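Reviewing the structure listed below.
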Amino acid sequence: MIIRQETQKDYETVGEVVKSAFESAEHSDGNEPELVRALRKSHAFIPELSLVAEITGKIVGHIMFTKIRIGDAEELALAPLSVLPEYQRRGIGTELIKAGHRIAKKLGYGYSVVLGSAAYYSKTGYLPAGQFDIRPPFDVPDENYMVCRLDEEAPSVNGVVRYAKEFGLN
């Protein structure tokens, strides 16, 4: 498997991967492909943190981290993470997360937040956000809103997360 930065020529295929990955997701509004397109055009987009996973030349997964604000700090949100259904449960999502975390740390980010399955994301270092006094701008069970400290040297941050307007949350 190869994990690399997404390029413009990948956009259409990534849209199909995202659509396919979320079609049968329990918690999906069906707008994930549109969210990815909108985020690419936003101030929150970080090209180095929009990654694809390829197997024998086929894009089978995608991950995007975008800029958020926590208090006065600029940090990251992981959203969305997509893997084609027939390739799920093979560690592709986990490898995309790990690669994204490595790049994010090199870029100077200290934290990443995610909304999702505690059982899944805890395997890649995410902990309940309440442990960091980081809060979402919406109601969600505590165990499903998580934070990963990407750099142990990063200064503490806390407060309500402010997402890019493209998320439609603020």
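No value in this document is a laboratory result; all are computed from the given coordinates. This one's a predicted model, so the numbers in the text were calculated from it and none came from an experiment. All Cβ positions, even for glycine, are placed from backbone atoms using ideal geometry, and neighbour counts span all protein chains on display.
Brief remarks on what is shown
- Helices in the chain, meaning DSSP H runs of at least 4 residues, each add -39500 (n - 2.57). Divided by all residues, the mean residue ellipticity at 222 nm is -7000 deg cm²/dmol.
- Difference of contour (0.36 nm per residue) and Cα-Cα distance, Arg90 to Glu48: 12.7 nm
- Pairs from Lys19/Lys58; Lys19/Lys123; Lys41/Lys123; Lys41/Lys106 whose Cα-Cα separation, in the structure shown, is over 27 Å: Lys41/Lys123
- With R₀ fixed at 22 Å, the C-beta to C-beta distance from Lys123 to Leu169 puts the FRET efficiency at about 0.30.
- A simple spin-label model places pseudo-atoms 7 Å from Cα toward Cβ; at Glu16 and Glu152 they are separated by 4.4 nm.
- Take the Cβ atoms of Asp142 and Gln8, set R0 to 30 Å, and the FRET efficiency comes out at 0.20.
- Listed values for the range 55-72 are Karplus-derived 3J(HN,Hα) couplings in whole Hz (6.51 cos²θ - 1.76 cosθ + 1.60, θ = phi - 60°), namely 10, 6, x, 9, 6, 10, x, 8, 9, 9, 10, 10, 5, 9, 10, 10, x, 8, and x replaces Gly and Pro.
- Across the alpha-carbon atoms of the range 2-165, the computed radius of gyration and Dmax are 14.9, 43 angstrom.
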